[in-house]
Amino acid sequence: MSDAKFVYSFGGGTADGKSEMKNLLGGKGANLAEMASLGIPVPPGYTLTTEVCTYFYDHDRTYPATLEAEADAAMAKVEEIMGTKFGDPTDPLLMSVRSGARSSMPGMMETVLNVGLCSSTIPGLIAKTGNPRFVYDAYRRLIMMYSDVVMEKAAGIEPEEGQGIRQQLDRMLEEVKEKGGYASDADISAEDLEKLAEGFKAKVKGVLGKDFPDDPREQLWGGTGAVFCSWNGERAVSYRRIEGIPDEWGTAINVQAMVFGNMGDDSATGVAFTRNPATGENKFYGEWLANAQGEDVVAGIRTPNPLNEDTKNDQNEHLPSLQVAMPEIYEQLFAIRNQLEDHYTDMQDIEFTIQDGRLWMLQTRVGKRTGTAALNMAMDMLSEGLIDKQTAVLRVKPEQLDELLHPIVDPAAEASADLIAKGLPAGPGGAVGQIVFSADDAVKWAKEGKTVLLVREETNPEDVEGMRASVGILTARGGMTRHAALVCRGWGKCCIVGAGTLDIDVIGKKIEVDGKVFSEGDVLTLNGTRGLVFAGELSMIDATENPRFVDFMKFADEIRVLKVRTNAETPDDARTAIDFGAEGIGLFRTEHMFYGTGSEEPLFLLRKMIMSGSESERRAALDELYPFVKRDMKATLDVMGERPVTIRLLDPPLHEFVPQSADERSKLAEALGIDAAELDRRAEELHEMNPMMGHRGVRLGVTFPEITEMQIRAILEAAVELRQDSKACFPEIMVPVTGMKAELEDQLAIAKKIHAEVCSKYGVDDVEHLYGTMIEIPRACLTADEIAETVEFFSFGTNDLTQMTFGFSRDDIGGFLPDYLDKTILPVDPFQVLDRDSVGVLVATAIDKGRSTRPDLKIGICGEHGGEPNSVEFCHMVGMDYVSCSPYRVPVARLAAAHAQINHPRT
Ligand code: PEP
Ligand code: MG
């Protein structure tokens with residue numbers, strides 16, 4: 001590491017780095033470098049690399065030996081470009097210290113601005129700017145940020161609720177405003193700000209027991225250490241868990257010359273998106289504030305102004321746009337917007353500051369967007385010729401489709417509903433839930449199984465866990481570029497911000513609006529697509545078929561090679577899945593016909609069969625059950641037509657079906673002609689210590705061949721009858737929970753016998769079908785070459801395979817998984833995301849072995865992983881033929897399969 005470069009300079013039309021260097025420079029640093037090289041006005045500065053962060057954590061929070069000298073040299077370059085010096089009493093240069101991870105983590109880490117202001121530099125800056133008000137305002141902001149970020153948070157001090165130094169200083173600020181009769185921060189006089197800064201310093205000393213540092217260099221390195229520390233702050237860690245960002249990545253830090261949007265009326269600051277991030281509309285969209293610093297816009301303290309005339313909304317139409325207030329600057333910004341979109345060929349999220357009529361770009365990054373916006377932008381940019389088809393397909397994340405297919409509030413219900421407020425449509429779709437007023441309550445209520453809406457005056461990045469736990473978020477303040485809005489959009493979560501007419505009392509846990517009161521637990525409905533808040537519960541409908549979505553999915557289908565089937569066992573689910581693009585059924589769980597409405601009679605007969613005392617009794621019960629089983633299989637085969645349908649033989653341990661209620665038990669005893677004691681005895685016999693590894697799956701068929709016979713007869717007779725009615729159908733018989741070839745031979749003999757009987761009954765030579773097995777036991781994976789000699793297809797049951805591989809009970813994992821995730825012993829739940837290192841190795845081994853003895857072996861997956869994008873990619877990479885998932889996940893799997901083919905092409 002001795003000759004490693006830790007510091008990269010940018011500014012003055014050149015840069016050491018470029019946009020491809022995100023891993024080293026972080027997203028922000030890499031893009032600042034890129035913008036500088038493109039000749040876009042960027043305040044000069046330098047980036048401390050992510051390697052410095054990893055070094056910092058690996059070496060007890062110290063820096064590489066060469067860092068300071070490198071940073072000094074980089075600072076000298078900044079000084080040269082700016083013509084001022086850091087710490088110079090007559091003409092001081094001020095710096096900002098900001099985090100910048102590889103993958104953007106909006107608002108999750110810390111920032112210190114105005115670094116370099118102290119008793120020796122304040123007079124010089126006042127003399128230079130002639131604006132003492134501005135200087136003292138910058139100074140009090142520095143004290144607030146520094147004491148909060150460096151002296152409290154980074155020092156590991158955990159104050160009581162409401163007693164953080166920042167909150168204490170905020171209260172002092174409020175007092176000054178109240179006393180002086182100031183309407184907003186911007187109105188406070190220079191004298192009051194100067195006094196306030198002195199008061200702040202005394203408070204900091206009193207509360208934290210240390211002086212606020214009066215030395216620019218100490219401030220600079222204090223800020224640097226604190227920003228690195230914020231990589232491991234609570235909210236950054238939570239956010240990384242949710243977003244799956246590895247802890248080892250670390251953050252870079254950008255130290256950059258300050259430019260000021262709060263120098264007077266010729267100064268301003270703003271944030272913008274090159275297109276609308278909520279809808280995707282190709283309009284330059286953003287917010288700005290005159291005479292303010294960047295944090296004022298994102299913190300939602302003042303309602304920001306619209307960027308241009310075209311994108312005004314109900315909340316800001318009375319405010320002046322930048323286009324009208326500063327037309328020349330707006331034109332320059334608009335040209336930069338076009339330059340950035342052409343250069344990056346994607347929607348950018350930008351920050352800018354105007355200092356004394358001069359525009360500076362502070363940031364550009366790929367903008368977060370809703371699923372709807374992602375789809376619309378991808379399709380627009382494709383037709384604009386900005387991107388090609390593959391890129392368009394990659395622009396929508398598979399997870400975002402969930403949101404496109406999410407329910408919306410029924411417009412018919414809305415027409416007659418009680419509209420209580422309007423806000424900004426910050427996150428899409430509809431949400432109905434009980435209101436709660438704190439992030440902690442949201443988490444708690446959600447754990448209790450309640451559906452909650454989180455209501456806040458404004459959300460802070462600290463609220464991230466609560467936002468996650470809620471189905472929707474509602475705030476009274478903040479704009480579309482508010483952190484809450486950004487985060488929700490990233491998640492595709494319903495969110496309304498800036499519903500200003502709501503009087504939200506988080507302490508009293510109630511909302512007042514127009515004389516009405518809504519308390520904790522009351523139900524509201526949010527329309528996040530239009531920003532409407534309704535009292536009570538409104539009905540939801542599925543988002544209507546969007547022609548752009550259909551076209552987009554066509555592109556994805558043209559690209560992918562992996563087929564996508566569904567797990568379904570009713571004609572209704574089968575039809576839904578076909579509408580979502582399913583190409584077959586990969587798992588028809590026979591036992592599901594005994595659950596839910598309409599299943600009473602077959603369930604009773606199944607129970608009779610289970611509780612039979614002899615083979616003849618069992619056969620009699622099976623004969624009664626048979627017509628129901630055949631009827632249900634036939635109905636689903638009929639809907640699926642020529643698409644293959646994998647029907648799995650009965651899997652669960654039989655005792656699961658033993659009735660619990662005395663009434664049902666006595667009915668059953670009567671039907672079997674036995675007394676209650678005998679029934680209890682038989683039920684007791686079925687009880688197992690470890691049913692998941694007990695008498696289930698193929699083992700049932702081995703000990704009770706008549707059960708297998710009945711099911712195979714139902715499948716084959718259903719198929720012949722459909723074909724004799726000139727209907728196509730294609731059944732695949734699947735044996736579950738096998739571990740040995742011999743088990744499959746045993747069942748195959750039964751299948752052959754029944755096949756011959758069915759052929760002779762219907763006078764046909766053959767009933768075309770496939771015979772295959774689930775692979776869900778490690779032994780089956782390891783002996784897959786032998787197993788493939790007997791069967792024509794494998795379907796990986798990765799639910800059981802994960803259970804058997806980890807030795808984690810799939811039904812009891814809730815008791816310990818949260819701790820495993822918190823302690824990062826596991827990065828994710830292995831029942832959701834296939835563990836490539838273990839289960840994946842077994843799967844790959846089984847595929848290799850299976851195809852070694854049967855090259856045309858058909859291979860799929862039907863565990864829950866079949867609809868999870870990362871796992872779908874894995875299935876593609878190991879050469880499966882199809883994945884199978886629940887109907888609503890089918891589009892997600894189709895898109896994930898297309899992404900997998902683009903990223904890992906397979907012929
Ligand atoms: C599996 O184990 O992955 C599977 C699909 O079967 P089940 O969930 O029904 O056990
Ligand atoms: Mg299973």
In sequence order, what are the phi-derived ³J(HN,Hα) couplings for region 611-624 according to the Karplus relation 6.51 cos²θ - 1.76 cosθ + 1.60 with θ = phi - 60°, rounded to whole Hz, with x for glycine and proline?
-> 8, 5, x, 8, 4, 5, 4, 5, 4, 5, 5, 4, 4, 5
Keeping to pairs on different chains or 8 or more places apart, tell me how many lysine pairs in region 1-120 have Cα atoms under 23 Å apart.
-> 9
Would you work out what percent of the accessible area of region 794-854, with all protein chains in place, is carbon or sulfur (probe 1.4 Å)?
-> 50
Kindly state, to the nearest 0.05, the FRET efficiency for residue 234 paired with residue 318, given R0 = 45 Å and r defined as their beta-carbon distance.
-> 0.70
If every Lys and Arg gets +1 and every Asp and Glu gets -1 at its Cβ, then about the Cα centre region 206-279 yields a dipole, in debye to the nearest 20, of 340
Distance in Å, no decimals, from the C-alpha centre of region 42-62 to the one of region 132-193 is 28
Where does helix 327-344 land angle-wise versus the long Cα axis of the chain, in degrees 0 to 90, nearest 10?
-> 40
Cross-link reach list, lysines versus residue 630, counting only Cα pairs under 19 Å and skipping chain neighbours closer than eight places | 608, 727, 752, 753, 761
How many Å² of accessible area per residue for the chain, probe 1.4 Å?
-> 40
Residues in region 127-171, backbone N under 17 Å from the label point at residue 88 (7 Å along the Cα-to-beta-carbon vector): list them, ranges by number please.
-> 127-130
Note down the net charge around residue 35, summing +1 for each Lys or Arg and -1 for each Asp or Glu among other residues with Cβ under 12 Å from its Cβ.
-> +1
Residue 76 and residue 103 label points (each 7 Å along its Cα→Cβ direction) are spaced in nm at 4.0
Toy charge model, Lys and Arg Cβ at +1, Asp and Glu Cβ at -1: the chain dipole around Cα centroid in debye, rounded to 20, equals 980
Mind listing which GluC sites (Glu not before Pro) in region 287-350 are in a DSSP loop and have 15 or fewer other Cβ atoms within 10 Å?
-> 317
Percent of alpha carbon pairs in region 373-505 separated by more than 26 Å?
-> 29
In degrees rounded to 10, the 0-90 angle between helix 839-853 Cα long axis and the longest Cα principal axis of the chain is 40
Whole-Å distance, taken between Cα centres, linking region 338-391 and region 846-907 = 33
Here the cysteines of the chain lacking a cysteine partner under 4.7 Å (Cβ to Cβ) are 53, 118, 229, 494, 729, 759, 781, 862, 875, 885
Reachable lysines from residue 422, criterion Cα separation under 24 angstrom, eight or more residues apart if same chain | 283, 312, 368, 493, 509, 510, 516
Largest-first semi-axes in Å of the equivalent ellipsoid built from the Cα gyration tensor of the chain are 61, 29, 26
Accessible area, probe 1.4 Å, largest first, for residues 249, 221 = 249, 221
Residue order for 403, 198 - accessible surface, 1.4 angstrom probe, largest first = 198, 403
Region 794-833 - convex hull of alpha carbons, volume per residue in Å³ = 67
In region 1-54, carbon and sulfur make up what percent of the accessible area (probe 1.4 Å)?
-> 47
How large, in percent, is the carbon and sulfur part of the accessible surface of region 576-733 at a probe radius of 1.4 Å?
-> 51
Helix 890-903: angle to the longest alpha-carbon principal axis of the chain, degrees 0 to 90, nearest 10?
-> 70
Partner lysines whose C-alpha sits under 27 Å from that of residue 179, ignoring same-chain residues fewer than 8 away, are 195, 201, 203, 205
Please compute the net charge surrounding residue 326, taking Lys and Arg as +1 and Asp and Glu as -1 over other residues with Cβ under 13 Å from its Cβ.
-> -4
Accessible surface ranking that places the most exposed of 288, 445 first, with a 1.4 angstrom probe | 445, 288
How long, wide and thick is region 81-189, going by the Cα atoms along their three principal axes, in whole angstroms, largest first?
-> 44, 42, 23
With every protein chain in place, the accessible area of residue 599 for a 1.4 Å probe, in Å² rounded to the nearest 10, comes to 10
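The values are calculated or read from the model by the stated rules, or taken from the named source; none is laboratory data. Predicted, not measured: the structure shown is a model, and the values here were computed from it. Here Cβ is always computed from backbone atoms with ideal geometry, including for glycine, and neighbour counts include all displayed protein chains. When the accessible area is computed, the model is the full protein with side chains, heavy atoms only, and any ligands, DNA or RNA have been set aside. Shrake-Rupley method; radii C 1.70, N 1.55, O 1.52, S 1.80 Å.
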